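What follows is calculated from the coordinates using simple rules that are stated; it is not laboratory data. Values in this document were obtained by computation on a predicted structure and should not be read as measured data. Here the Cβ is made from the backbone with ideal geometry for all residues, glycine too, and neighbour counts use every protein chain on show.
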Amino acid sequence: MFNCPGFRKLTNLPLTKETKKNIGMKKFAFLILLVIVFAACTNQKKEQAVQPEEEAIVYTVDNLYENAESLVNKEIVVKGTVMHVCKESGARCFIMGSNEDVLIRVEAGEDIGAFTQEQMGSDLEIKGIFTEVTTEAEAHNPEHGEEPAEGEVENEEMASQHETIIDAQEDMEIVYFIKGLTAKELALSTEDDDNE
């Protein structure tokens, strides 16, 4: 390899225990340093992935309608009170804003599964895609029929809720809904617990 006589002398020298120990310690220190650097890089990636969720703006239903044009087809988080849940399948619910005339439909989809009747009156935080309805037929019934099953009669309360929902949607020029990704039921505030 090298024709240097001094190099041959260095490479042919026997290694002492102390030299072997020093080489082993240097390799061990280098491996520890690599592990620390790798762990630090991995933690930074996890922290960056968590940050966008913490910075998400939680809208009220009223705020959604105020900012509707800029939010269409974007992922949003909205908080509101459940006014109605689709009785047959639970495939959708309506959450209201400051009053029952300010409503938005939430489609459960595959990610959420279904809403339950027990959720009526409770506060939900929904994460989903804010979507604009493009046709009148889609505004009232995008995929699922809410007509009562044959032989089943819709009670007065359900009929009233359906009327309120339809009236609110007809009053709007453009109808919006949310394709739900996640739903989180919000706990009652401690103020409500203290009043009991």
- Vicinal HN-Hα couplings computed from phi for segment 174-187 (Karplus, 6.51 cos²θ - 1.76 cosθ + 1.60; Hz; Gly/Pro x): 10, 9, 10, 8, 10, 7, x, 10, 9, 9, 10, 7, 8, 6
- With a 10 Å radius around each residue's Cβ, average the other Cβ atoms per peptide and rank 85-91, 96-102, highest first. 85-91, 96-102
- Residue-wise, which Karplus ³J(HN,Hα) couplings in Hz belong to segment 79-96, taking 6.51 cos²θ - 1.76 cosθ + 1.60, θ = phi - 60°, and x for glycine or proline? 10, x, 9, 6, 9, 8, 10, 3, 5, 6, 10, x, 6, 8, 9, 10, 10, 10
- Amide H of Val175: which non-local residues (sequence gap of 5 or more, or other chain) have their own amide H closer than 5 Å, using H built in the peptide plane? Val133
- Item | Ser122 long-range amide H proximity, modeled H, under 5 Å | Val82
